[in-house]
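Below you'll find the structure, written out as structure tokens, and then a few comments.
The values are calculated or read from the model by the stated rules, or taken from the named source; none is laboratory data. Keep in mind the model is a prediction, meaning the values are calculated, not measured. For neighbour counting, all protein chains shown are included, and Cβ atoms are generated from backbone atoms with ideal geometry for every residue, glycine included.
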């Protein structure tokens, strides 16, 4: 029995004797099936040609895969006095990464913005004794490897600890969530691509489907604005290396909302 991974989205599936017939995540219009057709790899095959890297990204420890694999996101470690949380996830776990997180106080939980980054979330949880994985219940259908560590929470906000609060924004996915992080040097949003930090690093943008260029509609964008209105934040950390807004992020967010709504008419 093998937990196969889809190389296009990087998501791991429940254990089977043979590869699954299809990847529902990639067949959805917010992703796509690779041009060569659906394929599958094992974790061992991935490790043979790739490595997990750890780097500081604007003061936060981040984890990625080199060379680039699947969607190419990186994960972030939100370190708090009340326990550390891994934000978003990647398709590899390494002994070195586990040791570094343990050196920094261990891991209390995992939280992931949306299903494109579910990756090998179960393996990350098990590497730290089965810590909870917080996913919004509205995205339950996209869980390809069920596990008892998964917490499908419902509602609009969930305080993981006194420093970290999940906020359901919707948009890209119905259960799309961001993580608000109270820090000593200023509050932060960890956004994945629910809020997509643009290459200028002065704005964010929004899409229903990134690879298929389907914009998010105005009511959905206004809902995101309303969901985040109660929260103060100075920085936004996006889904990719160095794609962050450091300082003035709340002002940039409001300007981005207005710019986007004007652009789509």
_So, residue 25, is that one part of a helix (DSSP H, G or I), within 15 Å of the chain's Cα centre (by Cα), buried (at least 16 other Cβ atoms within 10 Å of the Cβ) and on the phi < 0 side of the Ramachandran plot or not?_
yes
*Note down all Cβ pairs under 9 Å where the first residue falls in the range 230-257 and is free of Cβ contacts under 8 Å to residues at least 24 places away in the same chain, the second is assigned to a helix (DSSP H, G or I) and buried (at least 18 other Cβ atoms within 10 Å of the Cβ), and they're at least six residues apart or on different chains.*
250/228
*For the subset of the range 196-207 comprising residues that are outside any loop (DSSP other than H, G, I, E, B) and in contact with a helix residue (DSSP H, G or I) (Cβ under 8 Å, 6 or more places away or on another chain), which member is farthest from residue 62 (Cα to Cα)?*
205
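To keep it simple, each residue is scored yes or no on (1) in contact with a helix residue (DSSP H, G or I) (Cβ under 9 Å, 6 or more places away or on another chain); (2) in a loop (DSSP other than H, G, I, E, B).
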site	(1), (2)
45	no, no
52	yes, no
80	no, yes
90	yes, yes
98	yes, no
*Within the range 119-178, how many residues turn out to be over 16 Å from the mean Cα position of the chain (by Cα) and part of a loop (DSSP other than H, G, I, E, B)?*
14
_Matching residues, the range 179-195, being under 18 Å from the mean Cα position of the chain (by Cα) and either surrounded by fewer than 16 Cβ atoms within 10 Å (Cβ to Cβ) or assigned to a loop (DSSP other than H, G, I, E, B) (or both)_ = 193, 194, 195
*asked:* Please count how many residues of the range 208-226 are closer than 21 Å to residue 244 by Cα and in a helix (DSSP H, G or I).
replied: 3
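One line per residue, one yes/no per condition, for (1) farther than 12 Å from residue 91 by Cα; (2) surrounded by fewer than 17 Cβ atoms within 10 Å (Cβ to Cβ); (3) modelled with pLDDT of 95 or more:
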site: 9; (1), (2), (3): no, no, yes
site: 19; (1), (2), (3): yes, no, yes
site: 29; (1), (2), (3): yes, yes, yes
site: 48; (1), (2), (3): yes, yes, yes
*Filter the range 219-256 for residues that are in contact with a helix residue (DSSP H, G or I) (Cβ under 8 Å, 6 or more places away or on another chain), more than 17 Å from residue 168 (Cα to Cα) and either modelled with pLDDT under 95 or surrounded by fewer than 20 Cβ atoms within 10 Å (Cβ to Cβ) (or both) and give the result.*
234, 254
*residue 162 versus (1) touching a strand residue (DSSP E or B) at 6+ places or on another chain (Cβ under 7 Å); (2) at negative phi: which is the lone unmet condition?*
(1)
*Just need a number here: residues in the range 73-104 that are under 12 Å from residue 53 (Cβ atoms) and either under 15 Å from the mean Cα position of the chain (by Cα) or without any contact (Cβ under 8 Å) to a residue 40 or more places away in the chain (or both).*
4
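Only residues that are within 20 Å of residue 234 (Cβ to Cβ), out of contact with any helix residue (DSSP H, G or I) (no Cβ under 8 Å at 6 or more places or on another chain) and part of a strand (DSSP E or B): list them for the range 54-78, please.
56, 57, 60, 62, 76, 78
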*Is there a residue being assigned to a strand (DSSP E or B) and more than 16 Å from residue 247 (Cβ to Cβ) anywhere in the range 227-236?*
no
